[in-house]
Amino acid sequence: MCSWNRIKCGCREVLSGLVDLIYPRGCEVCGKSLVQSEKYLCTACLADFPFADRNFIVGENVLEQFDFSCRPEQLFTLFYYDKYSDYKNLVHLVKYHGYRELGVWLGRMLGEQMKSDFRADCIVPIPLHRKREKQRGFNQALEIARGINEILHVELLENVVERVRNNVSQTGKNAAERLKNVENIFHLTRPEKIRGRHVLLVDDVITTGATIGACLRALSVAEDVRFSLACVARTI
Ligand SMILES: [Zn+2]
């Protein structure tokens, strides 16, 4: 590194140290102050990170719920979403509190977990309805997909499928009502971009799988498409 760059790096470190002093950053899980080298999580919370069990990454049981014609071959999950655990904050911060960069960071972590046995050749984030995206300012699935792709380096396809209906919450609905609620909410706009390819579909959390199933059905209209699925968290 040339001396000018070294000076710039040094200045940046001093500045970020000063910012930490004035506005101390806290761990998003336990609240403890972070040191300069830590980001989002303290070292202890990172060490205890509830990674999804490696044996369940190819999660046959979860995948069986999807239609056979568009069933994903692989499921990659970073961690279990437990409502009694403070690690759930990570998802909430991205979804409801505008922590866009945290979405990318979680995607990078997930990408690291996936890189040894990942088979897809393109990535499609589940779209939000444009009204919802406008309210939130970004699509969290796209930010996660960007993080994954920083590690995996395949083609990230942003406008292949559109959410044409802003479905209401699935909470409190039975299985039949959930399926009805997501019927035809997605429309495949660019079938030629995914025909004959292996698509990694990306979402933030997999709960019932109803929304993901609807998106898979819409994408399968392109024909000759294989699927895998990646979600930051999976409810337990
Ligand atoms: Zn912590």
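The values are calculated or read from the model by the stated rules, or taken from the named source; none is laboratory data. Remember, predicted model here, so these are calculated numbers, not experimental data. Glycine also receives a Cβ, built like all others from the backbone with ideal geometry; neighbour counts cover every protein chain displayed. Note: areas computed on protein heavy atoms with side chains; ligands, DNA, RNA excluded. Shrake-Rupley method; radii C 1.70, N 1.55, O 1.52, S 1.80 Å.
In terms of distances greater than 28 angstrom between alpha carbons, the cross-link table entries Lys88/Lys173; Lys32/Lys131; Lys39/Lys95 yield Lys32/Lys131. For the set Met109, Met114, the ranking by accessible area, highest first and with no ligand, DNA or RNA atoms included, is Met109, Met114 under a 1.4 Å probe. Leu152 contributes an accessible area of around 20 Å² to the protein surface, as traced by a 1.4 Å probe with all chains present. Size descriptors for the chain, from the alpha-carbon set: Rg then Dmax equal 19.2, 65 Å. Taking 0.36 nm per residue of separation and subtracting the Cα-Cα distance, full extension of the segment from Lys131 to Glu158 would add 8.1 nm. The figure for Arg100 is an accessible area of roughly 110 square angstrom, using a 1.4 Å probe on the protein chains alone. As an equivalent ellipsoid, the range 59-121 spans semi-axes of 25, 16, 11 angstrom, where each value is the square root of five times an eigenvalue of the C-alpha gyration tensor, largest first. Summing +1 for each Lys or Arg and -1 for each Asp or Glu among the other residues whose beta-carbon sits under 12 angstrom from that of Gly147 gives -2. In the context of the full protein assembly, Asp86 retains an accessible surface of approximately 80 Å², using a probe radius of 1.4 Å and ignoring ligands and nucleic acids.
Taking the chain as the reference, fit the longest principal axis to its C-alpha atoms, fit the long axis of helix 3-22 to the helix C-alpha atoms, and give the angle between the two in degrees, 0 to 90, nearest 10. Relative to the chain, helix 3-22 is tipped by roughly 80 degrees. Within the shell of other residues whose beta carbon sits under 15 angstrom from the beta carbon of Lys173, the net charge comes to 0, with Lys and Arg scored +1 and Asp and Glu -1. Considering only beta bridges that DSSP places wholly inside the range 105-225, some 35 percent are antiparallel. Do any trypsin sites (Lys or Arg not before Pro) in the range 183-227 lie in a loop, going by DSSP, with at most 14 other beta-carbon atoms within 10 Å of their beta carbon, and if so which? Sparse-neighbourhood loop trypsin sites (Lys or Arg not before Pro): Arg195. Need one number: % antiparallel among DSSP beta bridges in the chain, to the nearest 5. About 20 percent, rounded to the nearest 5. In this calculation the C-beta distance from Ala176 to Lys95 is compared with R0 = 22 Å, giving a FRET efficiency of 0.25. With Cα atoms defining each centre, the range 170-236 and the range 62-131 are spaced 12 Å apart in the structure.
Between Phe186 and Val164, the built amide H atoms are under 5 Å apart, and every one of these is 5 or more places off in sequence or on another chain.
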